[in-house]
Structure formats: C-alpha cells, structure tokens
Amino acid sequence: MSRSRVLVGALLVVLLIAPYYLDGFWLQLGALAMAAGVAAIGLTLLVGVAGQISLAHAVFVGIGAYGYIVLASDSSDLAWGLGWPPALAALGGIGLAALGGLVLSPLSGRVNGLYLAVVTIGLVFIWQHVLQEVGGISGGYVGRSVPELDVLGVNLGDTEPWVVAQVPFGAAEKLWWLGLLVLVVAYVTARNVVRGRPGIALAMVKESEIGASALGIDVRRGRAAAFFLAALYAGAAGVLVALTTQFVTPQGFGFQLSTDYLVMIIIGGLGSVRGAVAGAVFVTALPRVLGQYADRLPFLSQVGEGGIDANVMSVFIYCALLIVVIMFARGGLDRALGLLAGPRRRPAPDRAPEPVLAEVA
Amino acid sequence: MDSLLNALASGLSLGALYAVMALGFVVIYRATGVLNFAHGAFLLVGVYVASVVSESHGYLVGVVAGLLTGALVAVVAETVFLRNSRTHDHVTLTILTLGLNLLVVTEVSRRIGTETLPLRDPIGNDVVEIGAITMPTVRLIALVVAVLAITVFLLLFRFTSWGLAMRVSNQDGEVAALMGVRLSVVSWTSWAIGGALAVLSGLFLASFPTPGVTPALADTAFRAFPAAVIGGLGSVGGALVGGVMLGMVEAFAATYEGSLGGWAHNLSGISAWVLLLVVLLLRPQGLFSAKQVQRV
C-alpha cells in the first residue's frame, strides 16, 4: 500500500468520526467546505480539463438550492412551493441544475474560451435579475428558509435527533456525513472521468481543437458535455449549501460566489480534482475562521468599522495566493499535496499517465 | 415622440461612454490576448482618486490625477503581474486579472465605505433643452468628449508609428519583433491607454444623474464585455458599434420598461446581457469579426 493511500484512508476515518468531537461552528464550516468541494470539482472539470472559463457556476449552484427549496416547500402567499417529499426534491434540484446546464450547453459548444466567459457573466446577472424580480422563487425581501431533508423516512434535520454512541446527532452532524458521502462520490466519479477516455478527449480539445477533431473527437459535444457535468455537480453542491445554511438569499448566489469557485480551482491547481477540494476547503474556511477569531487577532477590526475586517483580510489573502500560484507556482495545492504523499508514483504500464495529461498547460 | 427622442439622445450619450470603455478593453485584448477583468478596478481606482484629489485641488486636477492613476495601475498590472507570470495561457492570465480586480475593488470599496463620494464637477446637475430633448449637460459633454477621444485614438491608431506597431504586432508578433517593433512597449502603452479610457468613461458615468462615486461603479465596467464581444472581440470598430448599440438598448429599455408590464421591471439592468446572448447565438464570433479559418 502506497503512502498516499494510507494518508487518504486515515483522512477518511478522521472525517467520519469528526462529528463526535466538533462543535456547531466547525461542523457547519465543514459541511459548507464539502459542498464547495463538490462545486469546485465540477468547475475544474470544465475549466481545467476542458479549458472553458465559466463564471456562471454560481447560477447552477443557485438553481440547485432554489430548485430544492421550491420543490420541497409548501406553497405560501409569498413564495411558491410544490410540497414534494424532500428526498425527491433534492434529486429534483440537482436535476433542474443539470437541465439548466443542458439547455445552455450548446453555448459552450458554440462559443469558445473567452467568449464563453463573457456569456456566462451575462448569465449571472440575468439570474440575479430573475431572483430579484420573481418573488415566488426567492421569497422577496423575506428570503426563504430551507425545509429539512428526509430520506425514506429518515430525518436529516434537527426535528428527530439520532443518538449514535451516546452522542446526540442534530442536523449539523448528519449533514456533515451527507456532505462527506456526496463529496466522495463526486470525487471518485470525477477522477474516473479525468482518467478515462472522456477526460483524455477533453484535454486534447483544450490543447488543440483542430488536432482533436482530426482524431475524431466531437469538439462541440465534448465541450457541451463538460458544461453539463459541471452544472450537475453545481446543482448537488447547491442542495447541500441550502441544507447547511437553512436560509438563502439571492445575494449568496452572485458574481462573488462564481469568482470564489474560480479562485478555489486555481489555488488548488487547475485541472486537479484533489486540488479543487483542497482549494475549496481553504477558500471556504478562511473568512469564517478569521471572523470567528477576529476579536483575538489584533490586526483585524470588526465588520462595519471601516478597518480591515475578516472578510476583507481573507479576500486579500486568497487573492494574493491566487496571484502567486498563477505567477510562480503552477500546480498550486495539488503539488503541495503531491509532496506530502511522497514521490510521484510511476504509472503502471497499462494505464494512461494521468498527471501529465492533467497538467499540460 | 418626446420620450423616443429623449431615449435616443440619452442612448447615444450612454453608448458613447460604453464605446470608450469597450475601446480600452479591446486595445488591451489586442495587445495581450487577455480579457481584462480588472477593467472595473482601473475605472474605480481612477474615479476614486479623482474624487479625493478634487477635494483639495479642484475638479480639473482631480480628473488629470484620476486618468493618470488609471493608466498607472493598468501599466503595473501588465508589467508586474502579467508579464512576469510563468504561464502564458490566456485563460489562466484572464483569471489573474479577475484576482487583481477583486483585490483592488475590495480595497477601494473598503475606503469608500457606505458613502457616496462627490466628483465636484462644476456643471453639477444642469440640464440642457434642445427642442423636445432634455438631457443633463454632463451627458451632452460626455458625448462630445467621447467622440473626441475616439477620434483622437483612431487617428493615432491609423497614422502614427505607434498605431502601426500595434496593428502589426496584433497580426503577427514575431514578424513585428523582427521588424524592430518593441512588443513590450506596445504592450504597456496599450494597457495605459486602456486604463485611462476606462477612467474617462467612469468619470462621466459617476456624474449626474448618477449620485457619485460608489463601489457599484466597478460593476458598470462589466458593460465593456458585452460591448466588445457583440462587435467581435479584437475589432476596434466593432467595440465602438457594440458600445453604442448597448447604450441605445439600455436607454430604450429604461424608457419603455414601465409600459411593458410587470415582467419588464428593471429590464434595463440586464438588457445588455440579453442583447449579447441574442447576438452570440446568431453569430458566435460577434458582428464584425470574420469567421476564423485555420490551417494546420
């Protein structure tokens, strides 16, 4: 067994038993980080592997979140709701995001690279407009609270706490496990996509469109598929984010969130699945941890005082990191993780040499 | 009829400002091949400095300081950050400008806080009436200045050796370098012009009827994207046409959205993006850029 497998195994065990020891703040942080990890994996497939910049990732995360809420809530005067069973609604939310990706994917196939970046900025602004104008979806000024998830009669919220090994399990603990499960599934799937034929084909398209089509790769279809897959991942992340925050407003799914996802995958090392997760954890945790300890950190002021507060400071830090990674340290956190896991494995003869394909820029 | 004429006039003035902004954006794109996400940062920094300096030294000094700051920040972005990057992949460098933008906009927004800084232009909120048209004097001046700036740029672009160098290096960088064009000079001057043009449009966009300098101005700079892309990214003429189209559509949407019913509420805010989507679905390379044929 290689060193990296031992490390991964140990990490999984730690993450599994972590809810027994962590308090609410850290549990919520962890669940959010795992949700961000799922979204970032999706984006790195699109940007890093297929070479298409998308700033619309927040849109699909938002569709997942609001899709779940609208499907699962009961209808009220202020907002629409269909009252579906929550588990079905969660799948519906993911499905809606994927559907959105499918509808818009011809764009990704049609306009390339930098044009797509501009179109997707447009999508973010149009999406924000829709949320602000259609009160039935967003709940207007009141915002919307998120119904608890319920899978086949098993409650994943606070109403029916479990007791596992004499520790009470509320929503935070359960959602940590749910997030972990989704993240692992997302991670393994993405690794297989990157290493398998589709990933190699997409990397080829990124290298040279003409070369790829000369080899019989359908460029449009490949790009559209990457866009669809990214939307699907974003939808799953959106449902997780909604469940964890328990209350959503349109501002949470704007341009800033899209930028954050891009920062995550760059810091993590573009095109690397594990790097995307590491970047997601970093970018999610930084402002929240700084905010939690702001009163003990002498260089930080409180939010609203006009000084450098936790949010501003974390933007400074992660932007600086982004710039450093792009300018000097290609590979980002992925490379750091690689060093941690020991010398690079030699690829088995019957396998494609995946690190090379993923990193050719 | 009156509202039609008024929409036309304000659309033209707004469009001219967008055209100036998009022109700077395209100049940068041609020089470096990067979509400059930091355009909003250049604009905001310049206008912020103009506002601060004008408090003690008067409006004109403020304007000059603002333009210089915008140009300087743009040059720093190019020479320090983009040029020294180890990667030359355009997608990655584009994300680098996104990071620079976030950094600068966050800092300037922090300094502005929740206030609205005045620009102290001497014209203030005067209004001119020409026949049936009523428009803010500042917007009329904006139109004149924008047309002037665009004319000067086009003359330089067409008739000076700098303009020639720019056109040639965009066509084929290697050949240009062999002919004695210094690509690095072309590059940083392009960024300087881009930054200054962004601030120029920003100065007018922050004047009456807009209340003053707020962090939201950086978002206005996003209009440069659809303007440049509608015309066909990289085409100077396209940026001008795209900018004017955008201003027109926005002004018409703002004038008539009230009478279109509930669905059109605040339509003018997203009209630019809807126009962009429509244009790109019909012509994926934009209006004025020829379909690229590549030999292998």
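FYI, it's all coordinate maths here, none of it is from the lab. All figures in this text were calculated on a predicted structure; none of them were measured in a lab. Here Cβ is always computed from backbone atoms with ideal geometry, including for glycine, and neighbour counts include all displayed protein chains.
In chain B, taking the dipole from charged Cβ atoms about the Cα centre, the farthest positive-side position among B:108, B:21, B:216 is held by B:21.
Ordered by the number of other Cβ atoms lying within 10 Å of each residue's own Cβ, fewest first, B:245, B:179 fall into the sequence B:179, B:245.
Take the Cα of residue B:281, step 7 Å toward its Cβ, do the same at residue B:89, and the gap between the two points is 3.1 nm. Region B:119-142 and region A:253-271 have Cα centres separated by 42 Å. Pairwise inverse Cα distances across region A:118-236, averaged and inverted, put the Kirkwood hydrodynamic radius at 18.5 Å.
Segment residue B:164..residue B:265, full-extension length gain: 31.7 nm, with 0.36 nm per residue of separation and the alpha-carbon distance subtracted.
In plain terms, the bigger the Kirkwood radius, the slower the diffusion; for the protein assembly as shown, with that radius from Cα pairs, at 10 °C and 1.306 mPa s, Stokes-Einstein puts D at 61 µm²/s. Taking label positions 7 Å along the Cα-Cβ direction at both residue B:177 and residue A:88, the computed distance is 6.4 nm, reported to one decimal.
For region A:183-232, the Stokes-Einstein estimate of translational diffusion at 10 °C and a viscosity of 1.306 mPa s comes to 141 µm²/s, using the Kirkwood hydrodynamic radius over alpha-carbon pairs. Dividing the convex hull volume of the alpha-carbon atoms in region B:1-225 by its residue count gives 128 Å³ per residue. Once you sort the root eigenvalues of the Cα gyration tensor of region B:8-60 as a ≥ b ≥ c, which label holds: rounded (a/c under 1.5), prolate (a/b larger than b/c) or oblate (the other case)? Here region B:8-60 falls in the oblate category. Distance from the alpha carbon centroid of region B:1-29 to that of region A:150-229 works out to 44 angstrom.
Once backbone amide H atoms are built at 1.01 Å from N, residue A:150 has A:87, A:156 as its partners under 5 Å, excluding neighbours fewer than 5 places away on the same chain. With a Förster radius of 41 Å applied to the C-beta separation of residue B:130 and residue A:25, the computed FRET efficiency comes to 0.10.
Quick one: grab the alpha carbon gyration tensor of region B:1-120, order the square roots of its eigenvalues as a ≥ b ≥ c, and give me rounded if a/c is under 1.5, else prolate or oblate depending on whether a/b is larger than b/c. It is oblate, given that a/c is not under 1.5 and a/b is not larger than b/c. Using the Karplus relation 6.51 cos²θ - 1.76 cosθ + 1.60 with θ = phi - 60°, the per-residue 3J(HN,Hα) values for region A:6-18 come to 4, 4, 4, x, 4, 4, 4, 4, 4, 5, 5, 8, 4 Hz, with x marking Gly and Pro. Database remark: amide H of residue A:162 closer than 5 angstrom to the amide H of A:169 (H placed geometrically; neighbours at sequence offset of 5 or more, or on other chains; Pro and chain starts carry no H).
Available extension along the chain between residue A:158 and residue A:192 is 8.7 nm, counting 0.36 nm per residue and deducting the alpha carbon span.
Between the beta carbons of residue A:18 and residue B:111, assuming R0 = 41 Å, the FRET efficiency works out to 0.50 to the nearest 0.05. Rounded, prolate or oblate, given the Cα gyration tensor of chain A, with a/c below 1.5 counting as rounded? It is rounded, given that a/c, with a ≥ b ≥ c, falls under 1.5. In this structure, the amide hydrogen of residue B:135, modeled 1.01 Å from its nitrogen in the peptide plane, lies closer than 5 angstrom to those of B:128, B:130, counting only residues at least 5 positions away or on a different chain. State the Cα centre-to-centre distance between region A:274-288 and region A:66-114 in whole Å. If you average the Cα positions of each part, the centres end up 25 Å apart.
Were the residues from residue B:2 through residue B:152 laid out at 0.36 nm apart, the gain over their Cα-Cα distance would be 50.7 nm. Using a Gaussian network model of chain A in which every pair of alpha carbons under 10 angstrom is joined by a spring, one finds that among A:104, A:12, A:337 the greatest mean-square fluctuation is at A:12. Label zone (residue A:78, point 7 Å along Cα-to-C-beta; backbone nitrogen cut-off 14 Å) within region A:128-157: A:135-147.
Note on residue A:214 and residue A:320: the model spin-label points, each 7 Å out from Cα along the C-beta direction, lie 4.7 nm apart. Counted as membrane-span-like here are DSSP H helices of chain B whose alpha-carbon atoms extend 24 Å or more along the helix's own axis and whose Kyte-Doolittle mean is -0.5 or above; these are B:2-32, B:39-57, B:59-76, B:90-112, B:137-159, B:183-205, B:236-256. Place a point 7 Å from the Cα of residue B:216 along the Cα-to-Cβ direction; which residues of region B:92-119 have their backbone N under 12 Å from it? Output list for this probe position: B:116. The convex hull defined by the C-alpha atoms of region A:1-138 has an orientation-averaged projected area of 11.6 nm².
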